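First comes the structure, then the notes that go with it.
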Amino acid sequence: KAGVTQTPRYLIKTRGQQVTLSCSPISGHRSVSWYQQTPGQGLQFLFEYFSETQRNKGNFPGRFSGRQFSNSRSEMNVSTLELGDSALYLCASSSGGADTGELFFGEGSRLTVL
Amino acid sequence: AQSVSQHNHHVILSEAASLELGCNYSYGGTVNLFWYVQYPGQHLQLLLKYFSGDPLVKGIKGFEAEFIKSKFSFNLRKPSVQWSDTAEYFCAVTRSSGSARQLTFGSGTQLTVLP
């Protein structure tokens, strides 16, 4: 079956702009999590959505937001971009059950902020 | 807050050598433990996981990991590495009482296997 699809794969923005990233989970998966990956900070949890509700949130400023649609597709938005937001943004889907341990990751959206 | 330490940032081995990558976590409660791998140009994928039971966990491609609760460790091992094992390896932890999706990752270990 198809994996997790993230779009766009690459994008370049300037400081102060906003960006929206999209994630389509594996069919049947209801949970979508977002992670930020940078060389300095590694992989950091942003938030998780399950059945259109934010279930968990990491320690990121309010400029980072997300949502999930009824078909489980998710978007994340970063407003007022800063240079430090340059990163690989990873989306991961899972069935969402309480005991599931495996996240299925997409290939990521690489954001460069100039 | 919980944290995960991977002390080896870059490991270089020759084929057929044995591998052990260290992972230590700091959290006093019950945890779930994972190793993820990212091969060059590919997405992160699960190598193995520990939730409960036998502390020696076997994963894909001949990898195994041992959970030692007293040492807060979950080291990854492979008796004989191959060139195709070249990848970045990430240890990750979640609290058993928390969300299995809110992983705390280590900083990763880049493994290079020389042919």
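The values are calculated or read from the model by the stated rules, or taken from the named source; none is laboratory data. Note that the structure is a prediction, hence the values are computed from the model and not measured. No Cβ is skipped: glycine too gets one built from the backbone with ideal geometry, and neighbour counts run over all protein chains shown. Keep in mind that these areas ignore ligands, DNA and RNA; they rest on the heavy atoms of the full protein, side chains included. Shrake-Rupley method; radii C 1.70, N 1.55, O 1.52, S 1.80 Å.
Worth pointing out:
- Residue list for the stretch A:1-39, restricted to those being surrounded by fewer than 16 Cβ atoms within 10 Å (Cβ to Cβ), over 14 Å from the mean Cα position of the chain (by Cα) and of a type in the set (D, E, K, R): A:Lys1, A:Arg15
- Scanning the stretch B:10-23 for residues that are open to solvent by 50 Å² or more (accessible area, probe 1.4 Å) and under 20 Å from B:Glu66 (Cα atoms) returns B:Ser18, B:Glu20.
- Test: residue in the stretch B:17-27 that is part of a loop (DSSP other than H, G, I, E, B) and out of contact with any Ser or Thr (no Cβ under 9 Å at 6 or more places or on another chain): no
- Among all positions in the stretch A:46-55, there is no residue which is surrounded by fewer than 16 Cβ atoms within 10 Å (Cβ to Cβ), within 11 Å of another protein chain (Cβ to nearest Cβ) and either among the hydrophobic types (A, V, I, L, M, F, W, C) or without any contact (Cβ under 8 Å) to a residue 24 or more places away in the chain (or both).
- Of the residues making up the stretch A:56-84, those that are under 30 Å from B:His9 (Cα atoms) and within 13 Å of chain B (Cβ to nearest Cβ) number 5.
- Residue identified as polar (S, T, N, Q), more than 16 Å from B:Trp35 (Cβ to Cβ) and within 14 Å of another protein chain (Cβ to nearest Cβ) among B:Ser80, B:Ser84, B:Ser52: B:Ser52
Yes or no, residue by residue, for (1) within 27 Å of A:Glu107 (Cβ to Cβ); (2) surrounded by fewer than 18 Cβ atoms within 10 Å (Cβ to Cβ); (3) modelled with pLDDT under 95:
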{"site": "B:His7", "(1), (2), (3)": "no, yes, yes"}
{"site": "B:Glu64", "(1), (2), (3)": "no, yes, no"}
{"site": "B:Phe74", "(1), (2), (3)": "yes, no, no"}
{"site": "B:Ser97", "(1), (2), (3)": "no, yes, yes"}
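- Inside the stretch B:46-62, residues that are open to solvent by 40 Å² or more (accessible area, probe 1.4 Å), among the aliphatic types (A, V, I, L, M) and part of a strand (DSSP E or B) make up a count of 1.
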